[in-house]
Amino acid sequence: MPPNTTEERCLEPTEANFEKLIAPQAAPRKFQIVYWNLLTFGYGHIAALYGLYLAFTQAMWTSIFFYCTLFVLAMIGVTAGAHRLWTHRAYKAKMPLQIILMFMNTLAFQNSAIDWVRDHRMHHRYSDTDADPHNATRGFFYSHVGWLLVKKHEEVKKRGKFIDMSDIYANPVLRFQKKYAIPFIGSVCFLLPTLVPVFCWGESLKVAWHMCLLRYITNLNATFLVNSAAHLWGTKPYDQSIKAVQNKIVSFFALGEGFHNYHHVFPWDYRTAELGNNRLNLTTLFIDFFAKIGWAYDLKTVPEEAIESRANKTGDGTDLWGKIKAV
Ligand code: ST9
Ligand code: ZN
Ligand code: ZN
């Protein structure tokens, strides 16, 4: 039951009243900057820009193809793995697929998948409030990357204690990833992607390192757009009372994750989009392929009538492609 009285909104979080809570929205706060993150993100972005210059001027074609492939694999590790499988349980995956996804997710390095899931469950439970780790009511920069440069809001930590993570903590594949995070992420995300082009086809170390960072930083920004742009600019065919929107450009870069108004209304749908949006939804095609060979199963969807009825009740009158619906 959503909270509806002021009294309920002000309740202190406890297990008993957890379901009744919402958090305050963008209350004034003092930011505590984490300088190490500022430094690493700053260096990463400058190095990625240099990598882009090298990609146009010095890189071998094989390297360009290699890093583009890594971009797609890493993105699917986030979208099909951390997001649709582990956070939302929108489908189930057999052990070999879980292991593949865990490797692809490690290539993306967006913290451990365990921490990612915890933040993302908070994002859905407390969307656009101070208990949402990337609260979009604080603007584009904060929801895009600013939230990773400062200490988290106390509301996130306080209310986060009551988010159910039992399924995630019991998952041996995710526990392994977190336990060996530093050497594992270091090798899979940075070391191997730099050394493979150097030793396998003779790319220069300078080009390989900077393009490795270009690939990583591009993956990060494509994901961040879901939290920023897809909470700010676009249409709301399913629920106009929330901030999440449909944004096709984000869907293109984030392999199908920009149909965000739909996703916030029906988070358990493994497609994160209404049928027909498969054109910009490589992640769905990936899951469908593994469903065909039996490694993905119990794929959850929402019946067309339920989607239409919800759109008619709470949508803004646009269709899934952003056009005004004919009456
Ligand atoms: C990166 C970004 O990792 C990853 C996120 C990407 C965004 C995903 C969004 C997806 C959007 C939508 C879906 C689409 C799908 C994908 C599309 C794909 C295209 N609940 O965090 P700490 C508590 S960037 C409950 O250190 P600080 C907890 O007790 C890559 N409790 O807070 C915790 O202790 P422990 C590199 C929570 O000190 C304690 O607080 N990564 C929660 O304020 C301390 O936690 C980096 O650079 C919660 N949600 O620091 C690292 N959160 O963990 C970036 C916290 O022991 N992060 N607690 O249980 C950091 O350095 C820090 O987290 C910080 C905050 C500085 C931001
Ligand atoms: Zn969202
Ligand atoms: Zn989600």
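Let me make sure I get this right: for the range 191-239, a, b and c are the square roots of the gyration tensor eigenvalues over alpha carbons, sorted descending. Under 1.5 in a/c it's rounded, otherwise prolate if a/b > b/c, else oblate. Which is it? Display every interim value, and only then the final one.
Numbers: a/c = 5.33, a/b = 4.28, b/c = 1.25.
Prolate, because a/c is 1.5 or more and a/b exceeds b/c.
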So what J values fall out for the range 91-102 if you push phi through Karplus, 6.51 cos²θ - 1.76 cosθ + 1.60 with θ = phi - 60°, rounded to Hz, Gly and Pro as x? 7, 10, 10, 6, 3, x, 5, 4, 5, 4, 5, 5
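Percent of accessible area on the chain owned by carbon and sulfur, 1.4 Å probe? Before the final figure, lay out the partial values.
Working: 10740 of 16090 Å².
Summing carbon and sulfur atoms, their accessible area is 67 percent of the total for the chain.
Can you give the local net charge around Ile33? Use residues other than it whose beta-carbon is closer than 13 angstrom to its beta-carbon, Lys and Arg +1, Asp and Glu -1. Please list the in-between numbers first.
On the way: positive: Arg29, Lys30, Lys151, Lys152; negative: none.
Its environment carries a net charge of +4.
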Which far-off residues, 5 or more places away or on another chain, put their amide H under 5 Å from the one on Ala131, with H placed in the peptide plane? Ala23
How do the peptides 144-150, 35-41, 226-232 rank, highest first, by the average count of neighbouring beta carbon atoms within 10 Å per residue? 226-232, 144-150, 35-41
What number do you get for the range 175-219 when its Cα radius of gyration is normalised by 2.2 N^0.38 Å, N = residues? 1.26
Using θ = phi - 60° and Karplus 6.51 cos²θ - 1.76 cosθ + 1.60, couplings along the range 298-308 (whole Hz; Gly, Pro as x): 6, 6, 9, 9, 10, x, 3, 5, 5, 5, 5
Counting every C-alpha pair in the range 129-272, the percent lying more than 27 Å apart is 39
With viscosity set to 0.692 mPa s at 37 °C, what whole-number translational diffusion coefficient in µm²/s follows for the range 98-139 from Stokes-Einstein and a Kirkwood radius over Cα pairs? 292
What is the Cα centroid distance between the range 229-279 and the range 34-58, reported in whole angstrom? 29
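Remind me, relative contact order of the range 148-276 in percent, using alpha carbon pairs under 8 angstrom and six or more residues apart? It would help to have the intermediate numbers written out before the result.
On the way: 111 pairs, mean separation 15.8, N = 129.
Normalised by residue count, the contact order of the range 148-276 is 12 percent.
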Net charge of neighbours whose Cβ lies under 12 Å from the Cβ of Ile76, counting Lys and Arg as +1 and Asp and Glu as -1: 0
Could you list the square roots of 5 times each eigenvalue of the Cα gyration tensor of the range 45-186, that is, the equivalent ellipsoid semi-axes, sorted largest first and rounded to whole Å? 28, 22, 13
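Using only Cα atoms, figure out Rg for the chain and give it as a multiple of 2.2 N^0.38 Å. Display every interim value, and only then the final one.
Values: Rg = 20.3 Å, N = 327, 2.2 N^0.38 = 19.9 Å.
Here the answer is 1.02, to two decimals.
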Mean shadow area (nm²) of the C-alpha convex hull around the range 198-327 is 10.3
Other-chain or far-sequence residues with amide H under 5 Å of Val150's (modelled H): Val34
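Counting only other residues whose beta carbon sits under 9 Å from that of Ile287, what net charge do I get with K and R as +1, D and E as -1? The partial results should precede the final answer.
Numbers: positive: Arg84, Arg271; negative: Asp288.
Neighbourhood net charge equals +1.
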Per residue, what accessible area does the range 105-195 have, given a 1.4 Å probe and all protein chains present, in Å²? 41
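At 0.36 nm per residue, minus the direct Cα-Cα distance, what do Asp115 and Asp319 gain on full extension? Give it in nm, one decimal, please. Before the final figure, lay out each step's value.
On the way: separation 204, 0.36 × 204 = 73.44 nm, distance 3.46 nm.
Residue separation times 0.36 nm, minus the Cα-Cα distance, leaves 70.0 nm.
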Calc'd 3J(HN,Hα), the range 125-136, phi into Karplus 6.51 cos²θ - 1.76 cosθ + 1.60 (θ = phi - 60°), Hz, glycine/Pro = x, comes to 5, 10, 3, 6, 10, 5, 8, 8, x, 10, 2, 6
log10 I(q)/I(0), Debye, Cα-only the range 39-123, no solvent, q = 0.13 Å⁻¹? -0.54
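The values are calculated or read from the model by the stated rules, or taken from the named source; none is laboratory data. Because the structure is predicted, anything quoted here is derived from the model rather than measured. So basically every Cβ, Gly included, is an ideal-geometry build from the backbone, and we count neighbours across all protein chains shown. To get the accessible areas, we keep the full protein, side chains included, count just its heavy atoms, and leave off ligands, DNA and RNA. Shrake-Rupley method; radii C 1.70, N 1.55, O 1.52, S 1.80 Å.
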